[in-house]
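Report on the following structure.
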Amino acid sequence: MEHTISVRVRNEFGVLSRVAGLFSARGYNIDSLCVAETLDPKVSQITLVTHGNDDTIEQIIKQLYKLIDVVKVVDHQSGTYVGRELALLKVRTLPESRAEVLRTAEIFRGKIVDVTPDSYTIEVTGSPDKIRGLVDLLQPLGLVDVMRTGRVAAPRGL
Amino acid sequence: MRLTGAEIVVRCLQEEGVELVFGYPGGVVLDLYDAIHRAKFRHILARHEQGGVHMADGYARATGRPGVAIVTSGPGCTNAVTGLATAYTDSIPLVVFTGQVPTQMIGNDAFQEADNMGITRPVTKHNYLVKDVRDLAPTIKEAFYIATTGRPGPVVVDLPKDVGRASTDYHYPREIFLEHYQPRYEGHWGQIKKAMSLVLKARRPVVYFGGGVIISGASEELRRFCEKLGAPVTYTLMGIGGIPGNDRLSLGMLGMHGTYRSNLAVDGADLLIAIGARFDDRVTGKLDEFSTHSKKIHIDIDPTSIRKSVYVDSPIVGDVRNCLQKFLELMENEPKLEGYPERIADWWRQIEEWDREHPIGYAQSPTGPILPQYVIDKVYQLTRGEAVVTTDVGQHQMWAAQYYHSQKARNWITSGGLGTMGFGLPAAVGAQLGRPKDTVVCITSEGSLQMNSQEFATAVEHNVPIKVVLVNNGCLGMVRQWQEIFYDKRYSEVDVSQTPDFVRLAEAYGLQGLRATRVEEVETVLEKGLASARPVLMEFVCAPEENVFPMVPSGEPSRKMLFGHPTQS
Ligand SMILES: Cc1ncc(C[n+]2csc(CCOP(=O)(O)OP(=O)(O)O)c2C)c(N)n1
């Protein structure tokens, strides 16, 4: 099963390679990974998406806690968190398809963040499903490239 | 007080009460070695960085104090890696300083630069790159704290040359608090009570313990716990010495070369009490047929050890000693324990029957070639099981585990998890330096010995009176055994009979050298060697064909053991 796991780490030298090294050394999967500073500049948040059975996920969490620089690990349960990804989609536009591309982007609340005579770059955020939906619709309309971030996740409420 | 980084390292080591440092100098640690002139601790110059780290490791295992080593950048660090990995798999506390090129050169492929942090990360509990001299003292404090607490392990401090030369105001932090690193020592009462109810219900209990008992110093608590129950006890390679090997409750070691009665008892148990052990594959054999009828209690300080490979009904995270003390407290007031040993009498009868079926033993003919088992048995008898024994890796290691019934914790020093050939000699030097009054015996074989024999020089330089017992079977015995049994005797690259004359080699280094080629010489040579005040090598020229039995073939369930021998007790 897919799990979204947030890992708060001390912002020390090499901390990302410790986390990544743990996953590669023990053969765990990383489906996506996202890292950035938190409000406290000494602490970063790594959000990773992984999959595995319950035993594997339990081991992953325990192994993460064993890393000295790891402060906190949260395995988000579905329904209890908001998860978002961001994608930049580059579409080659032809005069006859420009309007259709725009309309489609709007339905997904996408924003045009760059325009050239023959292209749009569309920014869209949302769940992986939503982004996949937009990708599917833009494919026949001249989609040439997709740049996606990993997921960030926040628990609901305070 | 302003001090340079190099001086700070020396001061911090003194603050930590370090009495011995093992190491090997080089370009980027020149300043550190210059500061060592004025140090209060002793520095032991190894002849190879691997040897130096194994010495620190042997010292740590023998004394319970952290081992300290210093190596230079690049090849110094890469040479140390096997030593670090050996200590890491066996949870041994080390603090190792690796030299590094100056900070502004890092990443430029400088002379003798290696990515020490990247290389040592998977073989250490934690590692640090110190980029600012002001961080040095707190980092060293943290390094010792992390190495020695929780599940211990080696910690590397990577020290760029310019940091060693820079200076700052020095003060050593007294206290340390790491919010994100809080090992759990206290066993949870609720969990212990639940586990106790399993103990009370059991009719076929077995205690299975490992290195955690040694690390936490829980021998006495373990003995009282087992005595109260009158329960059979088996142990892992790392647990040897946790109870006396010939204790009335001891079944001997379990696993691949364990005793038949241990493996059958674990297989037939209705309760397995795992204490400071980690269900290693050399112990369990085929995992899904391991002890299938038993409920399992597991005490371990490392939560990742619990339910890693084997399902456990009653997990208890905590220090082994702390948890056993709590068990003992509960047992004090537990009326249902009355008559417990009698209730499991049938179980003991069954175990004794297994032992009669396949006791452990060897058959030394009075005229035939010397058997390594016989040599080790004699070492055991002559030292009454009270020597500190280090081993290398291979058949001789397993025979030492089977026949040297070590009497005390911290007297058995072996590379269990990594199985590092070349560990025995330097580990013996380190152990003897830490325990100068005790007899230290290194049981080794010619393959392993040649991997770090340069450390003879270190032993002689400091007159470290180790007793090296070399069972020379002229082959990489353990590999040869697998080729004989599982590869139809297609021997491939296991003949190492082209050896130096070991007695003369030892003498060339300045050790005393002795040799036995016939059975009747064995005891005389041992008596003479053990009585010597000098470092000694005793070579026993043995038969190459001898195999270690019993044996669980790899991947088989542990009750399916091979017995190759006419056994004789
Ligand atoms: C550094 C290292 N290389 C290879 C091995 C694989 N290995 C395990 S036992 C063994 C043979 C050891 O031979 P020897 O030291 O002569 O001991 P014996 O088995 O003959 O007692 C080998 C090569 C190892 N454990 N360690």
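The values are calculated or read from the model by the stated rules, or taken from the named source; none is laboratory data. Nothing here was measured: the structure is a model prediction, and the numbers come from that model. Note: ideal-geometry Cβ built from the backbone for every residue, glycine included; neighbour counts use all protein chains shown. We work out accessible area using only protein heavy atoms, side chains counted, and drop any ligands, DNA or RNA first. Shrake-Rupley method; radii C 1.70, N 1.55, O 1.52, S 1.80 Å.
Some observations on this one:
- Any chance residue B:374 is open to solvent by 30 Å² or more (accessible area, probe 1.4 Å) and over 22 Å from the mean Cα position of the chain (by Cα): yes
- Residue in segment B:334-348 that is touching a Phe, Trp or Tyr at 6+ places or on another chain (Cβ under 6 Å) and open to solvent by 10 Å² or more (accessible area, probe 1.4 Å) present: no
- Residue match in segment B:312-320 (condition: more than 14 Å from every other protein chain (Cβ to nearest Cβ), in contact with a helix residue (DSSP H, G or I) (Cβ under 6 Å, 6 or more places away or on another chain) and either in a helix (DSSP H, G or I) or of a type in the set (Asp, Glu) (or both)): yes
- Put simply, of B:336, B:286, B:326 the only residue that is charged (D, E, K, R), more than 14 Å from every other protein chain (Cβ to nearest Cβ) and touching a Leu at 6+ places or on another chain (Cβ under 7 Å) is B:336.
- Residue, modelled with the lowest pLDDT, within segment A:63-77, restricted to residues that are open to solvent by 40 Å² or more (accessible area, probe 1.4 Å) and more than 11 Å from every other protein chain (Cβ to nearest Cβ): A:77
- Checking A:112, A:60, A:107, A:131 one by one, the residue that is crowded, with 17+ Cβ neighbours inside 10 Å and more than 14 Å from chain B (Cβ to nearest Cβ) is A:131 and no other.
- Options B:464, B:429, B:479, B:468; residue that is among the hydrophobic types (A, V, I, L, M, F, W, C), within 16 Å of the ligand (Cβ to nearest atom) and touching a helix residue (DSSP H, G or I) at 6+ places or on another chain (Cβ under 8 Å): B:468
- Residue A:25 being within 14 Å of chain B (Cβ to nearest Cβ), without any contact (Cβ under 8 Å) to a residue 12 or more places away in the chain and small (Gly, Ala, Ser): yes
- All of (1) open to solvent by less than 10 Å² (accessible area, probe 1.4 Å); (2) in contact with a helix residue (DSSP H, G or I) (Cβ under 8 Å, 6 or more places away or on another chain) hold for residue B:253 with one exception: (1).
- Residue list for segment B:439-461, filter: near the ligand (Cβ under 9 Å from one of its atoms), in a loop (DSSP other than H, G, I, E, B) and either over 17 Å from residue B:375 (Cα atoms) or within 14 Å of chain A (Cβ to nearest Cβ) (or both): B:450, B:451
- Subset tally (residues that are more than 19 Å from residue A:94 (Cβ to Cβ) and in a strand (DSSP E or B)) for segment A:105-145: 6
- Number of the condition not met by residue B:302 [criteria: (1) in contact with a helix residue (DSSP H, G or I) (Cβ under 9 Å, 6 or more places away or on another chain); (2) away from chain A (no Cβ under 14 Å)]: (2)
- Filtered residues of segment B:368-421 (kept if more than 16 Å from the ligand (Cβ to nearest atom), closer than 20 Å to residue B:63 by Cα and among the charged types (D, E, K, R)): B:386, B:408, B:410
- From the list B:275, B:299, the lone residue that is among the aliphatic types (A, V, I, L, M) and more than 19 Å from the chain's Cα centre (by Cα) is B:299.
- Test result for residue B:494, crowded, with 20+ Cβ neighbours inside 10 Å, within 12 Å of the ligand (Cβ to nearest atom) and at pLDDT 95 or above: no
- The residue pairs whose first member lies in segment B:211-225 and is hydrophobic (A, V, I, L, M, F, W, C), whose second member is open to solvent by 20 Å² or more (accessible area, probe 1.4 Å), and whose beta carbons are closer than 6 Å, counting only pairs six or more residues apart or on different chains, are B:214/B:409; B:218/B:321.
- Matching residues in segment B:394-413 - criterion: being assigned to a loop (DSSP other than H, G, I, E, B) and either of a type in the set (Asp, Glu) or surrounded by 24 or more Cβ atoms within 10 Å (Cβ to Cβ) (or both): B:394, B:404, B:406, B:411
- Count - residues of segment A:8-21 that are within 9 Å of chain B (Cβ to nearest Cβ) and outside any loop (DSSP other than H, G, I, E, B): 6
- Boolean, residue B:516 is more than 14 Å from chain A (Cβ to nearest Cβ), small (Gly, Ala, Ser), open to solvent by 20 Å² or more (accessible area, probe 1.4 Å) and away from the ligand (no atom under 16 Å from the Cβ): no
- Test: residue in segment B:220-228 that is of a type outside the set (Lys, Arg) and over 24 Å from residue B:349 (Cα atoms): yes
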